[in-house]
Amino acid sequence: MTTNRILLTALLCGGALFAQVAETPPMGWNSWNFFRNKVDDKTVREIADAMASNGMRDAGYVYVNIDDTWEGERDAQGNIQSNSKFPDMKALADYVHSKGLKFGVYSSPGPKTCARFEGSYQHEEQDARTYAAWGVDYLKYDWCSARTVYQAGEMQPVYKKMGDALKSTGRPIVFSLCQYGRENVWEWAPAVGGNLWRTTGDIRDNWQSMSDLGFEKQKGLEKYAAPGHWNDPDMLEIGNGHMTGDEYRTHMSLWSMLAAPLLAGNDVRSMSDETKAILMNREVIAIDQDKLGKQGWRASKDGDGEVWIRPLADGGYAVGLFNRGAESRKITVKWTDLKWKGKHKVRDLWAHADRGKSKDEFSSDVPSHGVVMLRVAK
């Protein structure tokens, strides 16, 4: 078992072929950023309806993930039950699946979740079987109260216990490790069955939080990303109202350069046209979902101007010209950053416009807290 990729194909579990999951970064929606503890069955069904009809599903957003506060008590046999907000999880999963979408839930390896609902402590295999019976396709597993029963150094075997339990069900379930980047999780998460792992604390809907998590906290982690296994700087805040359009375009662009999961965290039932255009920019999504699976990195920095590059499966590069400053400025990518010479074809992915062939370098004015995102052909 390697640290960069677990080959799940050809592994027989419960008589069924256990398919590889998360070959590209998972895309979908999560309830927490906008709804917190207000999420319920009706809301999730409406979210699924919206995603199936507004273009999100067709753009690649397929997971509908319920975060914390769905959990009820355990029955006499110890089986986890949902609470009154979610009267029938199997029926809800079936409804989500009927829309051509996938269904996700949340738990903790501790006795309680972050919101003090029932966790999976000492019920890992039982809970995994329950999730599979419901039709769950994705599990977010949040450390939370596990710190009260385990030492930090025990994270690896603790997460492996649930990873093994999920595999043993025979159902392909994406395993999302949420323990905030502690214990160098990127070094061992794939070996315990993790498909993605949080590299940071929780995101907030403001420029400082988003830019700190995206620009600063991912340095040096690009070598750990690969098909099936992804660094996760947390969910998207796009459309939640506390950043500008330019800042949200930066958010979407940076996460795509990072090969990060794209989990919308807004109310997708009532999006503005601008929010739709940002979340469903097919050309930017194509960068995030590029089959090569190489995470991008900062190639150069000049004051508040940064150039990020990401190699692509077709031999080209994605390039992000990011302006983290308070004033508009010109930013230049030099082809030597790509180890190239001569003229190369440039396309602007937010303008949806070809910029012709440019020799040796390409420059563009970039607004404050904004981005110009390019696809450069070899």
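Some values worked out for this structure:
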| quantity | calculated |
| --- | --- |
| Distance between modelled label sites at Asn37 and Ala133, nm, 7 Å Cα→Cβ extension | 2.8 |
| Antiparallel bridge percentage (DSSP; both residues within the stretch 221-359; nearest 5) | 100 |
| Extension gain (nm, one decimal) between Thr336 and Asp164, 0.36 nm per residue minus Cα-Cα | 57.4 nm |
| Pairwise centroid distance, computed over Cα atoms, of the stretch 143-196 with the stretch 56-78, Å | 18 |
| Radius, Kirkwood style, for the stretch 206-290 when every pair of distinct Cα atoms is counted (Å) | 13.2 |
| Surface/4 estimate of mean projected area, convex hull on alpha-carbon atoms of the chain, nm² | 18.1 |
| Three-way shape call for the stretch 121-269 based on the alpha-carbon gyration tensor, with the a/c threshold at 1.5 | prolate |
| Those lysines that a straight Cα-Cα span of less than 19 Å connects to Lys161, excepting residues fewer than 8 apart in one chain | Lys112, Lys140 |
| In Hz, Karplus ³J(HN,Hα) per residue of the stretch 370-378 (6.51, -1.76, 1.60; θ = phi - 60°; x = Gly, Pro) | x, 8, 10, 10, 10, 10, 10, 8, 5 |
| Loop sites in the stretch 264-330: trypsin sites (Lys or Arg not before Pro), DSSP, at most 16 other Cβ within 10 Å | Arg269, Lys291 |
| In nm, spacing of pseudo-spin labels at Ser363 and Tyr180 (7 Å Cα→C-beta vector) | 4.5 |
| ³J(HN,Hα) computed for each position of the stretch 313-318 - Karplus, 6.51 cos²θ - 1.76 cosθ + 1.60, integer Hz, glycine/proline x | 4, 7, x, x, 9, 8 |
| Gyration tensor verdict on the stretch 179-223 (Cα atoms; rounded if a/c is under 1.5, prolate if a/b is larger than b/c, oblate otherwise) | prolate |
| Computed label-point distance, nm, for sites Glu125 and Leu292 using a 7 Å Cα→Cβ extension | 4.4 |
| Relative contact order of the chain, pairs being alpha-carbon contacts under 8 Å that are 6 or more residues apart, as % | 15 |
| Cβ-based exposure ranking for Ser53, Ser31, in which fewest neighbours within 10 Å come first | Ser53, Ser31 |
| Percent of beta bridges antiparallel (DSSP, the chain, rounded to nearest 5) | 65 |
| Overall form of the stretch 279-358 per C-alpha gyration tensor (a/c, 1.5; a/b vs b/c) | rounded |
| Label point at Asp304 placed 7 Å out along Cα→Cβ; residues across the stretch 351-375 whose backbone nitrogen lies under 12 Å | 366-370 |
| Order of Asp88, Asp234 - criterion: other Cβ atoms within 10 Å of each residue's Cβ, fewest first | Asp88, Asp234 |
| Estimated FRET transfer efficiency (Val21, His97; beta-carbon r; R0 25 Å; 0.05) | 0.95 |
| Other-chain or far-sequence residues with amide H under 5 Å of Tyr63's (modelled H) | Met27, Gly28, Trp29, Lys102 |
| GNM result for the chain, Cα springs below 10 Å: residue of Gly153, Gly194, Gly241 fluctuating most strongly | Gly153 |
| Hz values of 3J(HN,Hα) by residue in the stretch 300-310 - Karplus curve (6.51, -1.76, 1.60), Gly and Pro given as x | 7, 8, 9, x, 8, x, 10, 10, 10, 10, 9 |
| Theoretical FRET efficiency, 1/(1+(r/R0)^6), r = Cβ-Cβ of Arg45 and Ser84, R0 22 Å, to 0.05 | 0.85 |
| Estimated FRET transfer efficiency (Glu327, Ser270; beta-carbon r; R0 51 Å; 0.05) | 0.95 |
| Fully extended contour minus Cα-Cα distance, from Arg355 to His242, at 0.36 nm per residue | 37.5 nm |
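No value in this document is a laboratory result; all are computed from the given coordinates. In this text, all values refer to a predicted model and were calculated from it rather than measured experimentally. A quick note on method: Cβ atoms are made from the backbone with ideal geometry, for glycine too, and the neighbour counts reach across all protein chains shown.
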